[in-house]
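The values are calculated or read from the model by the stated rules, or taken from the named source; none is laboratory data. What you see is a predicted model; the values in this text were computed from it and never measured. A quick note on method: Cβ atoms are made from the backbone with ideal geometry, for glycine too, and the neighbour counts reach across all protein chains shown.
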């Protein structure tokens, strides 16, 4: 009997593990006596119910087999806690493979712990590079890729990056995007969402904003600039602003909530289904997230990313995404272009077809049982 443990820790991980879990379960239903067990470990890196529990419900994930409950802390503290607790799971369970996804602290912590115990690691969403090492996620990506055994890549840039870093070809697999697997799978549920009615919104008559990166929300001056931008935009369109816990804390700390007006709908983080419904029906999205750049590209929704670089360049090269950098006036210019109908049209990237998870599971089963 072979055993696989998949790791989730933060909000973006759930959308990536859900389709992998589904693909494994579908395979096991078709091969009822197949000697394979799949378990899920939730590190508890995101412990707010709006950032975690609701995603298990929305994405129909089973309750995790293991919950580490590490909570918040500095990067070092959080990573160390995950490693200590995850090592206990690995020693007890003795899995043949650990699947990690994305680029959060749980990704590098669990990879490193597994590799040091001689357990093989598969990294889903490998090879993405922003080339900005001030981003903690970039460090996590580089280190995880360097020690993983199987690297599953979502876009062509990832293949080039891994080869440039000396990763041998036999470890690299261009399979497509598991985030898009989730998106395609849950579109029927998205269509039934009542979130627009809840906020009294009409399709294409509003924009969506998400902010959470330290470079945008930790400085009072920068955060005030962005709030001023939202106020300016709200003169033209209503804005829905699901506020990340880190951003909410800083808005309160810097006394900036008072600047939001009645055209800006400030809300807590939303579940996956409702959030995708909001994006799908929006006029534009303003964000500093990674995954949202991909979701908007697939859905054909204009996306302005408040960053100088992106680890997902295909969303800019052929998708609906643009980088506005740190200059707020550039972001405002792009939004005016969108509202005036002068923004670019995008295309869906190669292999973003809803079947990446099936490809991953097929490869892993071949490797585990060869």
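Just a yes or no: is a residue in region 238-257 touching a residue at least 60 places away in the same chain (Cβ under 8 Å), part of a strand (DSSP E or B) and outside the structural domain of residue 156 (by TED's automatic domain parsing)? Within region 238-257, none of the residues are touching a residue at least 60 places away in the same chain (Cβ under 8 Å), part of a strand (DSSP E or B) and outside the structural domain of residue 156 (by TED's automatic domain parsing). Across region 295-321, the qualifying residues are those that are touching a residue at least 40 places away in the same chain (Cβ under 8 Å), assigned to a loop (DSSP other than H, G, I, E, B) and touching a strand residue (DSSP E or B) at 6+ places or on another chain (Cβ under 8 Å), and the one among them that is nearest to residue 16 (Cα to Cα) is 312.
Residues considered: 290, 271. Of these, the only one that is modelled with pLDDT under 95, closer than 24 Å to residue 323 by Cβ and in contact with a helix residue (DSSP H, G or I) (Cβ under 8 Å, 6 or more places away or on another chain) is 290. For residue 138, the test of being surrounded by fewer than 20 Cβ atoms within 10 Å (Cβ to Cβ), under 26 Å from residue 272 (Cβ atoms) and at pLDDT below 95 is failed.
If I ask for residues that are free of Cβ contacts under 8 Å to residues at least 12 places away in the same chain and in contact with a helix residue (DSSP H, G or I) (Cβ under 8 Å, 6 or more places away or on another chain), which ones from region 102-134 would you list? Answer for region 102-134, where residues must be free of Cβ contacts under 8 Å to residues at least 12 places away in the same chain and in contact with a helix residue (DSSP H, G or I) (Cβ under 8 Å, 6 or more places away or on another chain): just 133.
Among the residues of region 34-42, are any in contact (Cβ under 8 Å) with a residue 24 or more places away in the chain, under 17 Å from the mean Cα position of the chain (by Cα) and not in a loop (DSSP other than H, G, I, E, B)? Scanning region 34-42 turns up at least one residue that is in contact (Cβ under 8 Å) with a residue 24 or more places away in the chain, under 17 Å from the mean Cα position of the chain (by Cα) and not in a loop (DSSP other than H, G, I, E, B). Residues of region 87-139 being under 17 Å from the mean Cα position of the chain (by Cα), over 18 Å from residue 294 (Cβ atoms) and assigned to a helix (DSSP H, G or I), which ones? Matches in region 87-139: 105, 106, 108, 136, 139. Scanning region 200-214 for residues that are part of a loop (DSSP other than H, G, I, E, B) and modelled with pLDDT of 95 or more, which turns out surrounded by the most Cβ atoms within 10 Å (Cβ to Cβ)? If we take residues in region 200-214 being part of a loop (DSSP other than H, G, I, E, B) and modelled with pLDDT of 95 or more, then 211 is surrounded by the most Cβ atoms within 10 Å (Cβ to Cβ). One residue stands out in region 159-199 among those that are assigned to a loop (DSSP other than H, G, I, E, B) and under 18 Å from the mean Cα position of the chain (by Cα): the one that is farthest from residue 347 (Cα to Cα), namely 175.
Across region 111-135, the number of residues qualifying as modelled with pLDDT under 95 and surrounded by 17 or more Cβ atoms within 10 Å (Cβ to Cβ) comes to 1.
Please determine, by comparing only the residues of region 67-101 that are in contact with a strand residue (DSSP E or B) (Cβ under 6 Å, 6 or more places away or on another chain) and in contact (Cβ under 8 Å) with a residue 40 or more places away in the chain, which one is surrounded by the fewest Cβ atoms within 10 Å (Cβ to Cβ).
Step one: filter region 67-101 for residues in contact with a strand residue (DSSP E or B) (Cβ under 6 Å, 6 or more places away or on another chain), giving 67, 89, 95-101.
Now narrow it down to the ones that are in contact (Cβ under 8 Å) with a residue 40 or more places away in the chain: 89, 95-101.
Numbers: 89: 21, 95: 22, 96: 17, 97: 20, 98: 28, 99: 31, 100: 31, 101: 28.
In this case the residue turns out to be 96.
Scanning region 258-292 for residues that are in a loop (DSSP other than H, G, I, E, B) and without any contact (Cβ under 8 Å) to a residue 40 or more places away in the chain gives 260, 261, 262, 263.
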